[in-house]
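Heads up: the structure comes next, in structure tokens.
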Amino acid sequence: MLQLQLLSSPPLTPQTLNLNSISNPKLFPSFSSLNSSQTRSFKFNPLSKPSKFSLKCRQSEYFDQKQRFNDSSSSTSPSSLGLPARFYVGHSIYKGKAALTVEPRAPEFVPLDSGAFKISREGFVLLQFAPAAGVRQYDWSRKQVFSLSVTEIGTLISLGLRESCEFFHDPFKGKSDEGKVRKVLKVEPLPDGSGHFFNLGVQNKLLNVDENVYIPITRGEFTVLKSAFSFILPYLLGWHAFANSTKPDDTSRANNANPRYGGDYEWSR
């Protein structure tokens, strides 16, 4: 909404003029650009000095408020706070009896008093097996999971076409419930040599669960998994963080500060 105020000296003979009567450009050029369909009242004194106008546009207040809202919302975004963007990736294989989803999990670091960071837990690859509940339907509420360590990932990468391997996990190993949950993952070649069987058996005495989920993986699908495992393996070890933090001028200083990790430590003894 547009508001106009006419400031002038006190009128000698006040007259109330309609906007249509002053919109003539010959008499009042300053009013010629106003919309004649909008009626406004003014107090006019012909003997007074030239009038001063105060213009206030409420629409500008709307844009100012909108701009402040955009600025406040953008200031709280992850990028403006200096936080790195998070990405979630995975790869899924669907078959008639079950589905398999493969997802990497990042390593964890802890800060040191020196300001540096040390890896506290290596990353891993999470396998999720879901049995089929119908045609192209899977019951993810009954899924069973298995976490592959970096060593187990290396075993799968080096696995030959006719070779097999087996991994055993006890999530409560070393605790009071040791032995109550057993997980066994078997990877065995298919009889015709066209791929491998992934077979996960879970025995959970705490929940009274005894389930076995298996899914055939073709040679091409297994090749994709191997390639993804080979790519992500250094990241699971946290070596990417070390490589990104290394600078040429910091190499000698780091080696001198900790001779144990010096590249020439073996030859300088």
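The table that follows gives values for the structure above.
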quantity: Highest to lowest packing among 235-243, 169-177, 197-205, scored as the average C-beta count within 10 Å; calculated: 197-205, 235-243, 169-177
quantity: Within-13-Å neighbourhood charge of VAL202 [Cβ basis; K, R +1; D, E -1]; calculated: +4
quantity: Local electrostatic count at ILE215 - Lys and Arg +1, Asp and Glu -1, tallied over other residues with Cβ under 15 Å; calculated: +3
quantity: Listed residue pairs exceeding 20 Å between alpha carbons, taken from LYS143/LYS183; LYS95/LYS183; LYS143/LYS205; calculated: LYS95/LYS183
quantity: Percent breakdown of C-alpha pair distances by 5 Å bin, ordered from the shortest bin, for the stretch 91-243; calculated: 2, 9, 16, 19, 19, 15, 11, 6, 3, 1, 0, 0
quantity: Surface share of carbon and sulfur [accessible, 1.4 angstrom probe, percent] for the stretch 91-243; calculated: 54 percent
quantity: Positive minus negative residues near LEU236 (Lys, Arg vs Asp, Glu; Cβ under 14 Å); calculated: -2
quantity: From the C-alpha gyration tensor of the stretch 108-195, square roots of 5λ in Å; calculated: 31, 20, 16
quantity: Highest-first arrangement of 184-190, 208-214, where packing means the average Cβ count within 10 Å; calculated: 184-190, 208-214
quantity: Per residue, in Å², the accessible surface of the stretch 91-243 once ligands and nucleic acids are set aside, probe 1.4 Å; calculated: 59 Å²
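The values are calculated or read from the model by the stated rules, or taken from the named source; none is laboratory data. These figures come from a predicted structure and were not determined experimentally. Cβ sites come from the backbone with ideal geometry, for glycine too, and all protein chains shown count toward neighbours. All accessible areas refer to the heavy atoms of the entire protein, side chains included, with ligands and DNA or RNA removed. Shrake-Rupley method; radii C 1.70, N 1.55, O 1.52, S 1.80 Å.
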